[in-house]
Amino acid sequence: MLIDRVKLSLKSLLSFLPPSIIRTLVNLYKMKKKIMSEVKAYAASSKTAELEPLNIERRDITKEDVEIDILYCGVCHSDIHTVKNDWKNSQYPVVPGHEIVGRVTKVGDNVKNFKEGDLVGVGCMVNSCQTCDSCKEDLEQYCENGATYTYNSKDKHLGGHTFGGYSEKVVVDKKFVLNIPENLDIEAVAPLLCAGITTFSPLNHWNVKKGDKVGVIGLGGLGHMGIKFAHAMGAHVVMITTSPGKSGDAKKLGADEVLISKDEDQMKKHANSFDFLLNTVPVGHDVNPYIGLLKRDATMVLVGAIEPLDPIHGGGLIASRKSIAGSLIGGIKETQEMLDFCGKHNIVSDVEMIDIQNINDAYERVQKSDVKYRFVIDMKSLKNS
């Protein structure tokens, strides 16, 4: 038999090796078995492939680590961009997922702020350099030496690249693990770890407060969270959309008014009146009409369009000292503040639950904007498969 021949060949090879090398090889094998475990996951093998079951390796915990049994994982449009290599940097196989909610199963010796059974989350990052100015200021998302993202980043522990939350468990440095308030509906918490912090951070950074007139441009996964946060902060919230049919949903989410941006009369009525605009549109578009809505010295922040915009008329900014800025997720400290804010105000995402086996259909629906407003995977469907 072929297997027997292979065994004999290995025995013959080992017979020529010095005992010291054999002991080293045995120790390395034992070490590998100790420092890694195999778990179920879903992955894409190429930009044209569907996601399929794949067993991946997770490291055993170090003194600084937390091991998490994943209960739920949100589906972000970034997952789809990475699977399809839209940003030209994907490493295959891709195991997506950076909206992770689970329970702690193990902690390292130096971990004091988490214990077995704690409800925790992991967002878009699992490490950063911790030494640059951005990291020192709790802005790890802007790490000047490059943050380690939850998937598709260099894995300094196992080599290769990081694998995300479409899996049974994950092991993460304690600094990048977040406490989740137990009063929240945990099925709907996962998207807070990306869509939530992406919209909370700019509202927080630009000091949105009670009485401010805030416009949220675009009603989708990001926009619906922007409405909820701005409303909870006490702002007068205006949903700005091209679709009149979204008015009812916007008001249910907490919008005080709805502005149809294609209606010139409505746009004139609201000209020069907004204290802040949160622009969640995910593709390149003409931002000039929205600049006209801002008050003097007010800011519009982009959180969705990671691609070229239409040309901007400088006069619209210069004439009233208006600003356009961008914002990327949030640091770990601010993400914890966001989760605590959600616990206080009972804020979660509007979600549709799916089994992992339906992930490819979910991707198609996300690309058609056919979900209100985020998919969340119940990971029992993976564990029981």
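The values are calculated or read from the model by the stated rules, or taken from the named source; none is laboratory data. Keep in mind that this is a model prediction, so the values were computed, not measured. Please note: Cβ atoms are built from the backbone with ideal geometry, for glycine as well, and neighbour counts cover all protein chains shown.
For the residues Glu57, Glu144, Glu99, the requirement of being assigned by TED's automatic domain parsing to the domain that holds Leu178 and without any contact (Cβ under 8 Å) to a residue 40 or more places away in the chain singles out Glu144.
Does segment 204-215 include one or more residues that are within 20 Å of the chain's Cα centre (by Cα), surrounded by fewer than 24 Cβ atoms within 10 Å (Cβ to Cβ), in the same structural domain as Met125 (by TED's automatic domain parsing) and not polar (S, T, N, Q)? Before the answer, list the steps.
Here is the first cut: in segment 204-215, the ones within 20 Å of the chain's Cα centre (by Cα) are 204-205.
Next, from what is left, pick out any that are surrounded by fewer than 24 Cβ atoms within 10 Å (Cβ to Cβ): 204-205.
If we keep only those that are in the same structural domain as Met125 (by TED's automatic domain parsing) too, we end up with none.
Checked segment 204-215: no residue is within 20 Å of the chain's Cα centre (by Cα), surrounded by fewer than 24 Cβ atoms within 10 Å (Cβ to Cβ), in the same structural domain as Met125 (by TED's automatic domain parsing) and not polar (S, T, N, Q).
Being within 30 Å of Lys268 (Cβ to Cβ), at pLDDT 95 or above, surrounded by 19 or more Cβ atoms within 10 Å (Cβ to Cβ) and of a type in the set (Gly, Ala, Ser) is a property that Ala188 lacks.
Checking the stated criteria, Thr162 turns out not to satisfy the condition of being among the polar types (S, T, N, Q), outside the structural domain of Thr105 (by TED's automatic domain parsing) and either crowded, with 24+ Cβ neighbours inside 10 Å or touching a residue at least 24 places away in the same chain (Cβ under 8 Å) (or both). Among what's in segment 215-251 and is assigned to a strand (DSSP E or B) and out of contact with any Leu (no Cβ under 7 Å at 6 or more places or on another chain), pick the residue that is nearest to Gly326 (Cα to Cα). So, considering only residues that are assigned to a strand (DSSP E or B) and out of contact with any Leu (no Cβ under 7 Å at 6 or more places or on another chain), the one nearest to Gly326 (Cα to Cα) is Val237. His236: within 23 Å of the chain's Cα centre (by Cα), at pLDDT 95 or above and not charged (D, E, K, R), yes or no? In short, no. Checking each residue in segment 154-185 for being within 18 Å of the chain's Cα centre (by Cα) and either at pLDDT below 95 or small (Gly, Ala, Ser) (or both) picks out Gly164, Gly165, Ser167.
Please work out which residue is surrounded by the fewest Cβ atoms within 10 Å (Cβ to Cβ), limiting yourself to segment 99-152 and to residues that are of a type in the set (Lys, Arg) and in a loop (DSSP other than H, G, I, E, B). Restricting to residues being of a type in the set (Lys, Arg) and in a loop (DSSP other than H, G, I, E, B), the top hit is Lys112. Candidates in segment 339-385 are the residues that are of a type in the set (Lys, Arg) and part of a loop (DSSP other than H, G, I, E, B); of these, the one that is surrounded by the most Cβ atoms within 10 Å (Cβ to Cβ) is Lys372.
Criterion first (touching a Phe, Trp or Tyr at 6+ places or on another chain (Cβ under 9 Å) and at pLDDT 95 or above) does Ala362 satisfy it?
Values: touching a Phe, Trp or Tyr at 6+ places or on another chain (Cβ under 9 Å): yes; at pLDDT 95 or above: yes.
Yes, satisfied.
Residues in segment 305-316: is at least one in contact with a Phe, Trp or Tyr (Cβ under 9 Å, 6 or more places away or on another chain) and surrounded by 19 or more Cβ atoms within 10 Å (Cβ to Cβ)? No - not one qualifying residue is present in segment 305-316. Could you tell me whether any residue of segment 305-322 is assigned by TED's automatic domain parsing to the domain that holds Tyr290 and of a type in the set (Ser, Thr, Tyr)? Looking through segment 305-322, at least one residue is assigned by TED's automatic domain parsing to the domain that holds Tyr290 and of a type in the set (Ser, Thr, Tyr). So which pairs qualify, if the first residue must be in segment 239-254 and surrounded by fewer than 19 Cβ atoms within 10 Å (Cβ to Cβ), the second must be in a strand (DSSP E or B) and polar (S, T, N, Q), the Cβ gap must be under 8 Å, and the two must be at least 6 apart or on different chains? What qualifies is Ser247/Thr241.
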